[in-house]
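Asker: The following block contains the structure, expressed as structure tokens.
What follows is calculated from the coordinates using simple rules that are stated; it is not laboratory data. These numbers were taken from a predicted model, which means no experiment stands behind them. Note that each Cβ is placed from the backbone with ideal geometry, even for glycine, and that neighbours are counted across all protein chains shown.
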């Protein structure tokens, strides 16, 4: 299972670290899927923030950072 951590900067200026994972997908494909989903105005990603499942809507995202280390969940 590929898993990446995304640091999301929201349009409000706050930031949030979430985990995005998908079974049977390579990490580079997973990154491309997350980026392409969030570039669309109606895009939404199901992510995890700690123990909670959340839906991240593209219209609230100002920036996206993908880091294999450094983000804290």
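Asker: Specify the residue with the greatest mean-square fluctuation among 26, 44, 62, computed from a Gaussian network of the chain linking alpha-carbon atoms under 10 Å apart.
Answerer: It is 26.
Asker: Still on this structure, I have one more. Which residue fluctuates most in the GNM of the chain (Cα springs below 10 Å): 28, 14, 51?
Answerer: 51
Asker: Another question about this same structure. Under a GNM of the chain (C-alpha, springs under 10 Å), which listed residue has the highest mean-square fluctuation: 24, 40, 50?
Answerer: Ranking 24, 40, 50 by mean-square fluctuation puts 24 first.
Asker: Turning to a different aspect of this structure: Could you work out how much longer the chain between residue 27 and residue 44 gets when fully extended? Use 0.36 nm per residue separation minus the Cα distance between them, nm to one decimal.
Answerer: Gain on extension, residue 27 to residue 44, equals 4.2 nm.
Asker: Shifting gears a bit: Helix-only mean residue ellipticity at 222 nm, the chain, DSSP H runs n ≥ 4 weighted -39,500 (n - 2.57), per residue, nearest 500. What is it?
Answerer: -5500 deg cm²/dmol, from helical runs alone.
Asker: For the pair residue 15/residue 63, report the inter-label distance in nm, with labels modelled 7 Å from Cα in the Cβ direction.
Answerer: Between residue 15 and residue 63, the simple spin-label model gives 0.7 nm.
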